[in-house]
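Input: a single structure, listed below in structure tokens.
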Amino acid sequence: MWIEGFTNALSGMNILWLLLGSVIGLVIGVLPALGANFGVALMLPFTFGMEPAAAIIMLCAIHAACNYGDSITSILLNVPGGPGTVATCWDGHPMAQQGRGGEALGIATFSSFLGGVAVWLMLALLVNPITKLALAFGAPEYFALVFMALGLVSVAAKGETLKGLIMACTGLALSAVGQDEVLGTTYRFTFGIPMLEAGIPIVVSTLGIFAIPQVIEMLEAGGTVAKCTEVRDSVFRGFLAPLRRPLTLLRSGVVGAFIGILPALGVALAGIASYLTEKKYSREASQFGKGSPAGVVAAEVGKGACVVGDLIPTFTLGVPGSVTGAILMAALIMQGIEPGPKFLLSGTLPYTVFAGLLLAQATFLVTGVLIGKQLCRIAYVPSTLMAPVLTVLVFLGAYATQNSGFDILLALIFGLFAHVLGKIGYPVVCMVLGLILGPILEANFHRALGESLGSYAVFVTRPMAVGMFLITILFLIGPYLIHIYHRYRKGPRGFIAQALDEEETARSYKGEFILLVLLVLVFAVFLITAQQYRPLVRLFPDLASSLGLGFAIWRLAIIISRVIKARGWGEAPPAASPFAFFGDSLSWQWSLITLSGYVLAIYVLGFLMASVLYVMGVLMIAGGRRKRGWTILAGLLTGLGVWLLAKVVHILLPLGLLTGM
């Protein structure tokens, strides 16, 4: 199977998509604050209609190359391209300032490659045992596995377990919109909107949730990054540094792989944890922070191991190891493949994908060496130009999934909702996972009940299902028990207990209170509306909505008690002027106005004309009045690019009410 998998992965078209994914990933990775989540989500709609193996290989290549591209800006600009390369800045940029930028890039490139390949070998060893285990899975085990995925990700939501559970229930409730999974004869919770009869499109919601908030943040930040440090030495000088430090490779690789396999932690923790671990045990610890090659090796090996490691539970168990893993699960479902054990039983497909993972590591190694030094110049592009262009691509991708203008509006709604959730500290990945896994959870829930003739005992009499339920419950209540124990003993609290202590007196609870009230109303509406459906059809939405309602009321009670205790809502952080003009950036209020105007213009003027006006409008508001010629040129070039892209991928752009007359 492995030979056939590598043969398929090395076929002409798959290699082409692999190379394209690596280049796209490097470009997006170099741009600060975007990262792999944005890159994979942005390209997700454009994989519609591709062969499953080619689509997943391209997205995995983007994932790997984005995480490597982040290191380029960290080393040459001292600006982390993403959260996973914060630790790389600490020694990588000092090396660049000392005239060893090429060596630092070489260390980062080869170390990340070695970390990824080492964990890939572990994946190759685990595939056969997990596949054999998958053959013993029935409907109760699949239900328990998906339940465990939701529970573990909620626990890993930055210590905010209750917030994670609320978001997971929100995603599950929204996943019930559309045709029911039981009889297929009822359109649930459509509220008279025909476009919702097919359900909420996973690709559109995922794209909006991860891309729109990033665009708003780019517009708020504005400006460009600092000048790139010139690279004069060879990248190949750094290739020997990792090989001279085998213990560093071992320690950092183990830390990175362990963090990658754990759900929802991701590269942000892996790079820093690997760096700090190595600093504790390395003989070169005194040089860390001053341009030590060992520091770059540790950070990059840990990150590279985590990038591949978080795909192990994603593909084999259906439990996302990171936010990007959740997006890749959406890609599998879009291709008609259920992530987890059933994916492993899909013939040669998993082996082709796993072969593609290894080839993706080799591809970013080659492309990074060839063009890595030149890519940092992309970061010179002003955010106020890059952000609206990316918005155009986001909306084009949303439209391309079903050729529906309603999907553009849906992407905007989910994007704005995700932006609000991020501002008040709610984990959107839990909601995304609920949306993705909801139909699978409901289908296996009813299938298990059907096999047991309606007896719920089937969930507590199957050993593997019971084991997964117990693991989930242990992880859910464990942190609270530890918290209570340390309070009772009045001793020093551990890491998890501190994370659970939410005495956040420095922030305001008003936004969260309003959100929770709205969610309570949404859950109540779902519960009331569900009463018109048949008992089996409403059973799962009732469970999800009831749990969500209970968790939301619980959180509301906590907030109210804290507000009463503090005799106030807390202090809100100082805000910038909401409607300031011509400041080389846009406030979130202006972003909301321009995005809403863009969607409205698409309906009235058509996609092409609306895109040109949107880009020009954003540039004018953000300071383009001083460079009107460049503003007009940017708008026209955007329109030309959209027209060419639509021709290449065969998208019939919407004309609008006026242009279609």
Note, ³J(HN,Hα) from phi for region 589-606, Karplus 6.51, -1.76, 1.60, rounded to Hz, x at Gly and Pro = 5, 5, 4, 4, 5, 5, 5, 5, x, 4, 4, 4, 5, 4, 5, 8, 9, x
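Could you tell me the relative contact order of the chain? Use alpha-carbon pairs under 8 Å, at least six residues apart, and round to a whole percent.
Numbers: 1229 pairs, mean separation 137.4, N = 661.
Across the chain, relative contact order equals 21 percent.
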Just the accessible area for R377, please: 1.4 Å probe, Å², rounded to the nearest 10?
-> 140 Å²
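Using the Cα gyration tensor of the chain, with a ≥ b ≥ c the square roots of its eigenvalues, what is the shape: rounded (a/c below 1.5), prolate (a/b larger than b/c) or oblate (neither)?
Details: a/c = 1.30, a/b = 1.11, b/c = 1.17.
Since a/c stays below 1.5, the shape of the chain is classed as rounded.
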Can you run phi through the Karplus equation (6.51, -1.76, 1.60; θ = phi - 60°) for region 364-374 and list ³J(HN,Hα) in whole Hz, with x for Gly and Pro?
-> 5, 4, 6, 5, x, 5, 6, 10, x, 5, 7
Given the protein chains as shown and a 1.4 Å probe, how many square angstrom of M609 are accessible, to the nearest 10?
-> 100 Å²
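Would you work out if region 403-487 is rounded, prolate or oblate? Take a ≥ b ≥ c from the square roots of the eigenvalues of the alpha-carbon gyration tensor; rounded if a/c is under 1.5, else prolate when a/b is larger than b/c, oblate otherwise.
Values: a/c = 4.61, a/b = 1.26, b/c = 3.67.
It is oblate, given that a/c is not under 1.5 and a/b is not larger than b/c.
Using 0.36 nm per residue, how much length does the chain from S455 to L20 gain when fully extended, once their Cα-Cα distance is taken away? Show your work: numbers first, answer last.
Values: separation 435, 0.36 × 435 = 156.60 nm, distance 5.09 nm.
Full-extension gain reported as 151.5 nm.
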Where labels lie 7 Å past Cα in the beta-carbon direction, separation of S561 and L655 in nm = 6.2 nm
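Measure up K280/K373; K373/K647; K280/K303 against 22 Å on the Cα-Cα distance and list the ones that go over. Walk me through the numbers on the way to the answer.
Numbers: K280/K373 31 Å; K373/K647 32 Å; K280/K303 18 Å.
With Cα atoms farther than 22 Å apart: K280/K373; K373/K647.
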For region 588-648, with all protein chains present and a 1.4 Å probe, just round the carbon and sulfur fraction of the accessible area to a whole percent.
-> 78 percent
Relative contact order (%) - region 588-648, alpha-carbon pairs under 8 angstrom, separation at least six | 29 percent
Mind checking the dipole of the chain: about its Cα centre, +1 per Lys or Arg Cβ, -1 per Asp or Glu Cβ, Debye to the nearest 20?
-> 1340 debye
Solvent-accessible area per residue for the chain at a 1.4 Å probe radius, Å²?
-> 41 Å²
Could you sort V117, V301 by accessible area so the largest value comes first, with the probe set to 1.4 Å?
-> V117, V301
Nonlocal amide H pairs with Q179, under 5 Å, H built at 1.01 Å = R188, G199
Quick one: net charge of V520's neighbours, Cβ under 13 Å, K/R +1, D/E -1?
-> 0
With a 1.4 Å probe and all protein chains in place, put K279, K423, K163 in order of accessible area, largest first.
-> K423, K279, K163
Applying the gyration tensor rule to the Cα atoms of region 588-648 (axes a ≥ b ≥ c; rounded if a/c under 1.5, else prolate if a/b exceeds b/c, else oblate), the class is oblate
Rounded to the nearest 500, the 222 nm mean residue ellipticity computed for the chain from DSSP H runs (n ≥ 4, each -39500 (n - 2.57)) alone is -23500 deg cm²/dmol
Report the one residue of C306, T88, G641 whose Cα lies farthest in the direction of the positive end of the charge dipole of the chain (charges on C-beta: Lys and Arg +1, Asp and Glu -1; origin at the Cα centre).
-> T88
Quick one: accessible surface of R462, probe radius 1.4 Å, all protein chains present, in square angstrom to the nearest 10.
-> 80 Å²
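Going from most exposed to least, what order do W17, W643 have by accessible area with a 1.4 Å probe?
W643, W17
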How big is Rg to Rh over region 245-348, alpha-carbon atoms, Rh as the Kirkwood inverse-mean-distance radius?
-> 1.13
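Calculate what fraction, in whole %, of the accessible area of region 244-352 sits on carbon and sulfur atoms when a 1.4 Å probe is rolled over the protein chains.
Numbers: 2200 of 3460 Å².
With neighbouring chains kept in place, the figure for region 244-352 is 64 percent.
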Label point distance in nm, Q374-I471, each placed 7 Å from Cα along Cα→Cβ = 4.7 nm
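Starting from the Cα-Cα distance between T7 and Y485, subtract it from 0.36 nm times their residue separation and give me the gain in nm to one decimal. Display every interim value, and only then the final one.
Working: separation 478, 0.36 × 478 = 172.08 nm, distance 5.57 nm.
Result: 166.5 nm gained on full extension.
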With contacts defined as alpha carbon pairs under 8 Å and 6 or more residues apart, what's the relative contact order of region 264-384 in percent?
-> 19 percent
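The values are calculated or read from the model by the stated rules, or taken from the named source; none is laboratory data. Please read these numbers as outputs of a predicted model, since none were measured by experiment. Cβ coordinates were reconstructed from backbone atoms using ideal geometry, including for glycine residues, and neighbour counts include every protein chain displayed. For the accessible areas, the whole protein counts, side chains as well, though only heavy atoms, and no ligand, DNA or RNA atoms are used. Shrake-Rupley method; radii C 1.70, N 1.55, O 1.52, S 1.80 Å.
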